[in-house]
1. Just the Cα atoms of chain A, one point each, no solvent: what log10 I(q)/I(0) does Debye give at q = 0.15 Å⁻¹?
2. Which log10 I(q)/I(0) values does the range B:2-79 give at q = 0.12, 0.17, 0.26 Å⁻¹ under the Debye formula, counting every alpha carbon as one identical point scatterer?
3. Find out how many positive minus negative residues lie around residue A:207, taking Lys and Arg as positive, Asp and Glu as negative, among other residues whose Cβ is under 12 Å from that of residue A:207.
4. Ignoring everything except DSSP H segments at least 4 long, calculate the 222 nm mean residue ellipticity for the protein assembly as shown; use -39,500 (n - 2.57) per segment, divide by total residues, nearest 500.
5. Compute the distribution of all C-alpha to C-alpha distances in the range A:86-194, in bins of 5 Å from 0, and list the percent of pairs in each, rounded to whole numbers.
6. From the label point of residue B:74, set 7 Å along Cα to the beta carbon, how far off in nm is each other copy's matching point, shortest first?
7. Rank B:90, B:69, B:48 by how far each Cα sits towards the positive end of the charge dipole of the range B:47-101 (+1 on Lys, Arg Cβ; -1 on Asp, Glu Cβ) and give me just the farthest.
8. Straight-line reach from residue A:2: which lysines have a Cα under 18 Å away, not including same-chain ones fewer than 8 places off?
2 protein chains.
Amino acid sequence: MKLYDYFRSSAAYRVRIALNFKGVPYESVPIHLVKGEQSAPAYLAVNPQGRVPALDHDGAVIVQSPAILEYLDERFPEPPFLPRDLVRRARVRAAAALIGCDIHPLNNLAVLRRLKAMGHEQPAIDDWYRHWVVTGLEAVEAMIEGGPFCFGEAPTLADLYLVPQLYNARRFAVPLDPYPRIQAADAACLALPAFRDAAPEAQPDAA
Amino acid sequence: MKLYDYFRSSAAYRVRIALNFKGVPYESVPIHLVKGEQSAPAYLAVNPQGRVPALDHDGAVIVQSPAILEYLDERFPEPPFLPRDLVRRARVRAAAALIGCDIHPLNNLAVLRRLKAMGHEQPAIDDWYRHWVVTGLEAVEAMIEGGPFCFGEAPTLADLYLVPQLYNARRFAVPLDPYPRIQAADAACLALPAFRDAAPEAQPDAA
């Protein structure tokens with residue numbers, strides 16, 4: 001199992017948590033996004049879209065973190081990160097999708113660079129970033145149940161998305177006081193080695 | 001089964017296709033996004049995030065189209081819209097996620113309005129829109145297999161995402177000639193009543 005990875009990519013961070021959580025050993029292949037390694041021919045041969053993460057499992061390459069995460073849960077069912085009840089599964093996936101669709105895509109490197117190319121200075125770009133984090137986290141806070149993880153006593157897919165998003169929120173100094181359930185879930189996750197070992201600063205390619 | 005819907009929402013359009021494809025009858029409850037009905041207290045009581053779609057199945061409300069679609073495939077397994085083989089499932093989900101994460105979130109109404117509030121005129125906003133559609137469709141064209149649907153002889157989750165995205169691409173006059181596989185899949189889908197009946201112009205709330 002080989003993970004094409006970048007320490008600060010929150011999509012890659014989700015997958016690192018999932019692999020640790022499932023107890024699946026993997027080799028990390030760092031692709032330095034700021035240096036542009038994702039656009040080098042060698043990496044485009046792996047993932048023509050030129051984004052991380054990509055997972056190589058016995059030669060089958062899977063891209064897009066939502067697809068990789070569902071694959072890992074299907075391929076390595078224990079411990080599960082989706083509840084069995086169908087409505088509860090949907091609630092967990094909805095919280096994950098809110099982070100994965102309504103927050104993160106608006107704040108990735110390609111988007112921030114596009115805003116810069118459109119003439120925006122850093123403070124306006126930072127405002128943009130925080131706007132989507134704040135409106136998104138408000139919605140997540142209302143959707144999750146707590147207990148102490150997002151949905152009860154064990155981490156779920158929602159927690160795998162939440163922790164990397166909170167890492168980003170802190171980098172951009174977004175105040176987290178309005179989100180007590182989110183903060184409790186994040187703290188519960190970060191007490192677990194699966195989450196701690198996946199943190200950006202614990203990766204070999206961290207600056 | 002009640003779908004909180006808006007004829008031009010591509011996330012709602014995906015869910016309409018899925019419900020038709022599964023043969024599940026539903027009642028459409030239109031929420032007019034341009035008139036702001038998504039922010040009215042009555043709708044916020046259904047979905048505190050104030051977005052469509054939301055699906056009410058016997059009183060259980062499910063939000064976020066990726067979660068709704070997985071729920072429908074689990075709850076109504078026939079006909080399936082995911083292959084059985086785990087790697088193929090992941091490939092289908094990856095194409096869907098690329099559209100659902102890397103194209104659509106950058107082009108939704110809230111984002112376009114934000115750009116306007118940041119001082120951009122309509123031509124710059126249209127350029128933004130087309131940029132994410134073009135770079136995204138290039139990646140999708142490379143990922144799908146054809147045959148004639150995105151992945152073989154039957155529609156999958158990838159087709160459910162593709163058709164609404166192409167509807168948007170045409171609205172913004174994005175040239176589709178560079179994407180022969182995408183065009184073939186779209187045409188194959190639109191020959192099916194499940195897809196045709198879900199089209200924006202076929203909805204009761206279409207202007």
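1. Values returned for q = 0.15 Å⁻¹ are -0.95.
2. The Debye formula, applied to the Cα set alone, gives -0.30, -0.59, -1.31.
3. Details: positive: A:8, A:35; negative: A:201, A:205.
In short, 0.
4. Working: 18 runs with 202 residues, N = 414.
Value at 222 nm, helices only, nearest 500: -15000 deg cm²/dmol.
5. 2, 12, 24, 23, 17, 11, 6, 4, 1, 0
6. Relative to the other copies, residue B:74 has label-point distances of 1.3 nm.
7. With unit charges placed on the Cβ atoms, the residue in question is B:90.
8. A:22
Just so you know, all these numbers are worked out from the coordinates, no wet-lab data involved. No experiment lies behind these values; they were computed from the predicted model shown. We place every Cβ from the backbone using ideal geometry, glycine too, and count neighbours over all the protein chains shown.
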